């Protein structure tokens, strides 16, 4: 079965440095399984394709598919691991504004997508394919649920990174609300993509239009999250106070 090479979209184009033969074979098999599944889901619908059919199209067993992907949903929504790594890396930089760190992750993911569109023989058709992909993930209940769970996991990752920077607990209200706000920028980018893919933007124009929307949203939360760094400062010492002792009646 001939499939589209989606690796550029996933930011995995090219051979990783110092990759051994075994690692390369595993990476290529994982990519083939995901690419084939994506093509079949787009053609027949997510619920219209069984994992056994994907395995047969790739010439492997169903067990092999699940060795690479724990669920059927992860065959098509497989960017969670890469986003997790990127979040941990960028949010770990002590002096970097959390919003700027997340904007970098979003920009890298958007660049992978727009570069992939530009590399296709028919960029307009490639953009239409992404619209179909977006519609598929929005219209399939199990994919929406999987995406929600993935977002919750990413919020936990961001909260842990922010808590470590500020000496707080990941369960404290401040890192929790900060992480939730930061992860809220992903739906903004997703919706902006849907809006701007409808037009005839060239890939670089698409990148600029979506980036503008995301930065408008980020501006609203940046001021509040900038104060989050204050949590890492030691509290200002105060003089100890003691309650006044009750005095008895005056004595002669």
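For the stretch 21-70, what's the relative contact order in percent, using C-alpha pairs closer than 8 Å and at least 6 residues apart?
Computed value for the stretch 21-70: 31 percent relative contact order.
On a full-extension model of 0.36 nm per residue, what is the gain between residue 82 and residue 199, subtracting their alpha-carbon distance, rounded to one decimal in nm?
That pair, residue 82 and residue 199, stretches by 39.2 nm at full extension.
Over every pair of different alpha-carbon atoms in the stretch 21-70, take the mean of 1/r and invert it; report that Kirkwood radius in Å.
11.0 Å
Just order 29-37, 169-177 by mean Cβ neighbour count inside 10 Å, highest at the front, would you?
Answer by packing, highest mean first, reads 29-37, 169-177.
Suppose the chain between residue 53 and residue 95 were pulled fully straight at 0.36 nm per residue; how much longer would it get relative to their current alpha carbon spacing?
10.2 nm
I'd like the distance separating the alpha-carbon centroids of the stretch 193-221 and the stretch 135-161, in whole Å.
21 Å
Compute the convex hull volume of the Cα atoms of the stretch 77-149, divide it by the residue count, and report the result per residue in Å³ as a whole number.
Convex hull volume per residue, Cα atoms: 102 Å³.
Normalized C-alpha radius of gyration of the stretch 80-230, against 2.2 N^0.38 Å?
1.10
For residue 25 and residue 153 in one chain, what is 0.36 nm times their gap in residues minus the Cα-Cα distance, to one decimal in nm?
Going from the current span to full extension adds 43.2 nm.
Coordinate-derived values only; no laboratory data. Remember, it's a predicted structure, so these values are computed and weren't measured experimentally. Cβ sites come from the backbone with ideal geometry, for glycine too, and all protein chains shown count toward neighbours.
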